[in-house]
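Right, one structure below, let's go through it.
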Amino acid sequence: MSEQIIGMRQWFETPPGRYLLAWEKDQFDRAVADIFGYHALQLGLPELDALEANRMPHKWLALSQPESAGTLRKPAFLTEYPALPFEENSLDLVVLPHSLELNLDPHATLREVERVLVPEGKLVICCMNPQSLWGLRQRRAHLYQRLGFGQLFLPDAGEFIGWRRLRDWLRLLSFEVESSSFGCYRPAMSTEKWLNRYDWMDGMGERWWPIFGAAYFLVAVKRVRGAMMIGPAWRTQKSIATAPVPLANRSHRHRHHHHRTRRT
């Protein structure tokens, strides 16, 4: 899986990758700007600062493998996504930029996110859309590769999750999808020149075939029956189990977190 993560991160440096990241950055900035609270967490993809527009005082970046210090813009720590070092009901916002696709067990990751979010906490997700021109080209390329020729357009980084399928997963975990959108309607072109020639398709696609964008974006809220929000006074200093281990200090303090039981 680490090789797949590296492959997808390298793909984001290509013209179609940069085009996709620009759209996703705009979506995240709009979505998180007015989400309030104290603690926010981003899982993976340090190239995209999905929490930059959010004003919460405590923001972390969780990574599944080491990164160079130059890529990090917020406190970061290493962890397995299905075993986050936070207490139950302790985070106000979690963002997942392609984190489910780059995970061996996306179900376990979603269950863990549900565990650490407070009631009415927000979850923001961005994924590749398999039902798109890009997804169609990827499936065709897989077929050609089985015949012994051709190259993949998108990185081979796990299974892309359809929007309806993900929505059903979230409903089973008591999340309510508040909003969703699709974007990046240009054909699967590898060069910036040809991508720019089809820039008119973004406006056309949003109007005429909105569910076939190359990526989709959604915002969900954790609903808990019987929960009553009574304002900020309910939060105590014990709401965070322990400060996440920074990358620089992880080797020194790793033994203190070794006893944590992974949730499945």
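Brief remarks follow.
- Ranked by solvent-accessible area (1.4 Å probe, protein heavy atoms only, all chains present), the residues W169, W200 order from largest to smallest as W200, W169.
- With the highest mean first, a sort of the peptides 159-166, 206-213 on other beta-carbon atoms found within 10 angstrom per residue produces 159-166, 206-213.
- Other-chain or far-sequence residues with amide H under 5 Å of A215's (modelled H): N129, G183
- The stretch 80-112: GluC sites (Glu not before Pro) in DSSP loop, at most 14 other beta carbons within 10 Å: E87, E88
- Karplus-derived 3J(HN,Hα), 6.51/-1.76/1.60, for each residue of the stretch 85-101, Hz, glycine and proline x: x, 10, 6, 4, 6, 10, 10, 8, 8, 10, 10, 10, x, 6, 6, 6, 5
- Full-stretch length increase - R55, F36 - with 0.36 nm per residue and alpha-carbon distance subtracted: 6.1 nm
- Simple label model, 7 Å out from Cα along Cβ direction - Q151 to V224, nm: 5.0
- A Förster radius of 30 Å combined with the Cβ-Cβ distance from D105 to E176 puts the calculated FRET efficiency at roughly 0.80.
- Reach of K122 by Cα under 13 Å, taken over aspartates and glutamates that are not fewer than 8 positions away in the same chain: D34, D92, E114, E176, E178
The values are calculated or read from the model by the stated rules, or taken from the named source; none is laboratory data. Note that this is a predicted model, so its numbers are computed, not measured. Please note: Cβ atoms are built from the backbone with ideal geometry, for glycine as well, and neighbour counts cover all protein chains shown. With ligands, DNA and RNA removed, areas are computed over all heavy atoms of the protein, side chains included. Shrake-Rupley method; radii C 1.70, N 1.55, O 1.52, S 1.80 Å.
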